[in-house]
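Written below as structure tokens is the structure these notes are about.
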Amino acid sequence: MNLEKIETKKSLAITKQKRVPKQRKSQLVVPYLWLLPSLILIVVVIIFPIYELFSISFSKISLSGLKKGFIGWGNFSNVLNDPTFPLVLKNTLVWTVGVVGISTLLSLGIASLLNQEFPGRRLVRSALIIPWAVSLIITSVIWKYILDYNYGVFNLILMKLHIIDENIYWLADPSISFPVMIGVGIFVTIPFTSFVILSGLQAIPADLYESASVDGANRWSKFVHITLPLLRQPLTISTVLNTIYVFNSFPIIWSMTKGDPVNQTDTIITYLYKLAFMSQKMGEAAAVSVISFLLLLVFSILYVTIALRREQ
Amino acid sequence: MQKTGKFQKIINPVLAYLLFVVLIFPYVIMILTSLKSKEEVYSIPPTILPQQWVFTNFLDIWEKVPLSDYLLNTLIVAGGATVLTLICAIPAAYAMARMKFAGKKFYMYLIMITQMFSPIVLLVGLFREIQWFGLMDSVWGLVLTNAAFNQAFAVWILSGYFSTIPYELEQAAWLDGCTKAQALRKIILPLALPGIITTVIFVFIAAWNEFAVALTFISTEEMKPLTVGIYAFFGMYDVQWQYVFATSLVAIVPVVILFLLIEKYLISGLTAGGVKD
């Protein structure tokens, strides 16, 4: 990075002279000049805080937020010894795999549905945009009200349809509230996923299916042998991006249960937020952030390796 | 498009309309609730349609909370972040699409890494930095954060668009005496307009909808954006749902319209990053 800065200064000096004779040398630095604004923004707002996180995670932090020297793995061992931490990790895994996996399966169906002509197709497509466009926090708050024990219409509708005999506390017991929040996660993840898959479906030439029909292939074998392999790229893209988004997701759990009762429905993201800004344990929060950082890194490396292996 | 059987012809639309109902259900409830009276949102059993349509809720919200401030703050954050994102991303995307240089791969990986994180994972580090800059409780801290976290997306989509524009057009402009920057402004940018519009709208919406950073950095009521502002109606003992949802509607309508406008371009933009290289 320093090298680049030096080069940039040089290039500024060079461009001030008439640049006919030194054109070639200045050409070498020009690309970095074009990258500079973007680099500065990223380094200041993203890379530097990553460095800060690592530094805080190994420091003793006073209540007022001052660094009070190196304490080694202290923050990490505090986090790892917290009896709720394994549960938080398990929740994060269930949350991420559950939301991404089920959304992808449902979206495969929805995308192939929307890939067919029927009256009102445009309207349904437009409706599919809404949960994607609306702020996650607003959609979650609406669901919180809909699922309210006394005042929510969800219990009302299920009672009227005789699906349940008495109202259910959807957001109290973690064994109900966590799956319910996964459901909301799926609701907001489906639009993006479906649109990506739909664009993949539309790129598949129709004559592939026709010639398969001539060969006597049924719907299922057409799906397995033509559709799925050709959807590999959109599916990879949606799965990777969704995994990152869903892992990092905050508003749904924050607004619906706040991770309660006692961390039972926390994922690593809400857990770290509460450590940092409610318990004021910045050191430990930084340690959790570093752990999340490493988990995401491992995931990305896994993904790149798998993607590269498939490529060959 | 696949040919469909008779059974499929009937069942498919039915499934699609069912999907439609599920998709709009929460938002219909939101609108209906925003038109109910204070008493009715807490009636047992709950009602679906308002017994009495209280349109004045939409007037009340402007007086109960500093809604015009929320709206203005959201506009500044979304608009500011969009402008800053473009200022930084356009030259970078151009360099990525058109220039050869050492470290190109490095910049690409750097961008990819930034895409892995949400601001929340970095919030502890970011919080201290924003404090040092004196940008706590200011919309400019949010502008900066949103611009940075949308940088990766913007560079991907723009460089994707730039590289589809024939190189010859640019060379012709250089021959006519344009500098690189002039050629970018006069040739590339107009031709890449769909890409730029997509980027603008997408970044604008992302910043408009952002919640976690705003929740953490902003504490003064008058400085809050809409997403955090709706929490003003969450009291100690009860929630004024009719106002929460009336305010939410103000926050939702502009972005849903914007999103519908770019529906066509959205996917090619979003997947461009993954398709390239």
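Every number here is computed from the coordinates shown, using simple stated rules; none is lab data. Nothing here was measured: the structure is a model prediction, and the numbers come from that model. For neighbour counting, all protein chains shown are included, and Cβ atoms are generated from backbone atoms with ideal geometry for every residue, glycine included.
Taking the Kirkwood radius as Rh and the Cα radius of gyration as Rg, the protein assembly as shown has a ratio of Rg/Rh equal to 0.98.
Quick test of the membrane-span-like rule: which DSSP H helices of chain B reach at least 27 Å along their long axis (C-alpha atoms) with mean Kyte hydropathy at least 1.0?
B:6-34, B:67-98, B:241-275
The lysine pair tally for segment B:58-275, using Cα distances under 30 Å and a gap of 8 or more places or different chains, is 8. When only the Cβ of Lys, Arg, Asp and Glu is charged (+1, +1, -1, -1), the dipole of the protein assembly as shown relative to its Cα centre reaches about 2380 debye. Mind checking which of B:A102, B:Q182, B:L158 is farthest towards the positive end of segment B:58-275's charge dipole, using Cβ charges of +1 (Lys, Arg) and -1 (Asp, Glu) about the Cα centre? Positive-most Cα among the choices belongs to B:A102. Counting beta carbons within 10 Å around each of A:S221, A:S255 and listing the fewest first gives the order A:S221, A:S255. The orientation-averaged projected area of the convex hull spanned by the Cα atoms of chain B comes to 21.3 nm².
The value for chain A of Rg(Cα) / (2.2 N^0.38 Å) is 1.31. Remark on A:I61: its backbone amide H falls under 5 Å from those of A:K68, A:G283, a criterion applied only to residues 5 or more positions apart or on other chains, H modelled at 1.01 Å from N. Counting only other chain Cβ atoms within 10 Å of each residue's Cβ, the peptide A:114-127 averages 5. Please work out the C-alpha center-to-center distance from segment A:232-277 to segment B:101-157 and express it in whole Å. Centre-to-centre distance over Cα atoms comes out at 19 Å.
At a 10 Å Cβ-Cβ cut-off, how would you order B:M30, B:M223, A:M181, A:M159, fewest neighbours first?
So the residues, fewest neighbours to most, are A:M159, B:M223, B:M30, A:M181.
Between B:K36 and B:V54, the built amide H atoms are under 5 Å apart, and every one of these is 5 or more places off in sequence or on another chain.
Give me the inter-chain shielding for A:297-303: mean count of other chain Cβ atoms within 10 Å, whole number please.
Partner Cβ neighbours, averaged per residue: 1.
Counting neighbouring beta carbons within 10 Å and listing from fewest to most, the residues B:M116, A:M278 come out as A:M278, B:M116. Applied to segment A:259-270, the Karplus parametrisation 6.51 cos²θ - 1.76 cosθ + 1.60 on θ = phi - 60° returns per-residue 3J(HN,Hα) values of x, 6, x, 5, 6, 5, 10, 6, 9, 4, 6, 6 Hz, with x for Gly and Pro. Projecting the Cα atoms of A:L158, A:S107, B:A81 onto the charge dipole of the protein assembly as shown (Cβ charges, centred on the Cα centre) puts B:A81 farthest toward the positive pole. Taking 16 Å as the straight-line reach from the Cα of A:K90, the aspartates and glutamates in range (excluding those fewer than 8 positions away in the same chain) are A:D82, A:D260, A:D266.
A Cβ-based charge dipole, computed about the Cα centre of segment A:85-265 with Lys and Arg at +1 and Asp and Glu at -1, lands at about 260 debye. Each Lys and Arg adds +1 at its Cβ and each Asp and Glu adds -1 at its Cβ; summed about the Cα centre, chain B shows a dipole of about 1220 debye.
At what distance in angstrom do the alpha carbon centres of segment A:159-210 and segment B:178-231 lie from each other? Segment A:159-210 and segment B:178-231 have Cα centres separated by 29 Å. Over all projection directions, the Cα-based convex hull of segment A:85-241 averages an area of 12.4 nm².
Residue by residue, segment A:72-85 carries 3J(HN,Hα) couplings of x, 8, x, 4, 5, 5, 4, 5, 5, 8, 5, x, 7, 4 Hz when phi is fed to the Karplus relation 6.51 cos²θ - 1.76 cosθ + 1.60 (θ = phi - 60°); x denotes Gly or Pro. Computed over the protein assembly as shown, the per-residue total of -39500 (n - 2.57) for DSSP H runs of n ≥ 4 gives a 222 nm mean residue ellipticity of -23000 deg cm²/dmol, rounded to 500. Across the options B:S37, B:Q115, A:S292, the greatest Cα extent toward the positive end of the charge dipole of the protein assembly as shown (unit charges at beta carbon of Lys, Arg, Asp, Glu) belongs to B:Q115.
Within straight-line reach of A:K68, meaning a Cα separation under 20 Å, sit the following aspartates and glutamates at least 8 residues removed in sequence or on another chain: A:E52, A:E284, B:E129.
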